[in-house]
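Everything on this sheet refers to the single structure shown next.
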Amino acid sequence: MMCNPWRHIPRWLIGGLLYGLLEIAYRGHTHWTMILLAAVVCIPLDIANERMPWHFPLVLQGILGGLTITAAELVAGIILNIWLGLDIWDYSGLWGNLWGQICPQFAALWCVLAVPAIIIFDWWAYLLGCGERPIYRLF
């Protein structure tokens with residue numbers, strides 16, 4: 001069962017705002033582009049999550065979500081930090097970084113954070129009558 005696509009927009013916007021608040025709690029500040037990026041990243045995560053079968057392990061969903069977020073972070077970092085010179089973040093001091101825009105440590109964090117986002121989106125859809133009652137398989 002799927003909702004009208006317009007009913008997803010509040011989820012995406014709230015996802016962006018929640019990320020912004022999380023970043024403020026962690027770093028003490030955020031940049032408006034990070035809230036926008038998080039909202040945009042919620043779109044493919046939410047759509048893929050809606051189409052994913054319940055027997056697909058939650059851990060793998062988190063990994064796919066984290067890799068999606070990492071890819072979006074790389075593209076946004078190249079545009080915002082390298083091309084436009086905004087210097088919003090810089091991972092160049094972290095091991096394994098790629099151009100200072102992504103690194104394994106934050107890629108792992110995005111995989112972990114994708115799991116609660118998936119669960120929140122599932123329950124939100126269910127409570128709004130747009131989806132089935134969530135059933136998870138961890139592995």
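Semi-axes of the chain's equivalent ellipsoid from the Cα gyration tensor, sqrt of 5 times each eigenvalue, largest first, rounded to whole Å?
Working: eigenvalues 157, 57, 29 Å².
For the chain, the semi-axes come out at 28, 17, 12 Å.
Provide the per residue accessible area, probe 1.4 Å, for the range 67-114, rounded to a whole number of square angstrom. Please report the intermediate quantities before stating the final value.
Values: 2670 Å² over 48 residues.
Result: 56 Å² per residue.
Nearest 0.05, what FRET efficiency do LEU127 and LEU13 give at R0 = 25 Å with Cβ-Cβ as r? Before the final figure, lay out the partial values.
Working: r = 17 Å, r/R0 = 0.70.
So the FRET efficiency works out to roughly 0.90.
Quick check: the angle from helix 32-51's long axis to the longest principal axis of the chain, C-alpha only, nearest 10 degrees?
Computed tilt is about 30 degrees.
For ASN97 and LEU67, what does the FRET efficiency come to when R0 = 22 Å and r is the distance between their Cβ atoms, rounded to the nearest 0.05? It would help to have the intermediate numbers written out before the result.
Values: r = 16 Å, r/R0 = 0.74.
FRET efficiency, ASN97 to LEU67: 0.85.
Hey, rough spin-label estimate for LEU86 and ILE135, points 7 angstrom out along Cα→Cβ, what's it come to in nanometres?
The answer from the label model is 4.3 nm.
Using alpha-carbon pairs under 8 Å, 6+ residues apart, how would you state the relative contact order of the range 38-139 in percent?
Numbers: 111 pairs, mean separation 37.9, N = 102.
It rounds to 37 percent for the range 38-139.
For the range 1-129, which whole percent of the accessible surface, found with a 1.4 angstrom probe, sits on carbon and sulfur atoms? Don't jump to the answer; show the numbers that get you there.
Working: 5670 of 7420 Å².
Of all accessible area on the range 1-129, carbon and sulfur atoms account for 76 percent.
Using just the helices of the chain, give the 222 nm mean residue ellipticity in deg cm²/dmol: DSSP H runs with n ≥ 4 each add -39,500 (n - 2.57), and the total is spread over all residues, rounded to 500.
Working: 4 runs with 83 residues, N = 139.
Only helices count here, giving -20500 deg cm²/dmol.
Against the longest alpha carbon principal axis of the chain, how many degrees, from 0 to 90 and to the nearest 10, is the axis of helix 58-77 turned?
40
Could the peptides 23-34, 112-123 be put in order, highest first, of the mean number of other beta-carbon atoms found within 10 Å of their residues? Intermediate results must be reported in sequence, preceding the final value.
Working: 23-34: 13.0, 112-123: 17.9.
Packing proxy ranking, top to bottom: 112-123, 23-34.
The values are calculated or read from the model by the stated rules, or taken from the named source; none is laboratory data. The shown structure was predicted, so the numbers you read here are calculated from the model rather than taken from an experiment. Cβ coordinates were reconstructed from backbone atoms using ideal geometry, including for glycine residues, and neighbour counts include every protein chain displayed. The accessibility values were calculated without ligands, DNA or RNA, using every heavy atom of the protein model including side chains. Shrake-Rupley method; radii C 1.70, N 1.55, O 1.52, S 1.80 Å.
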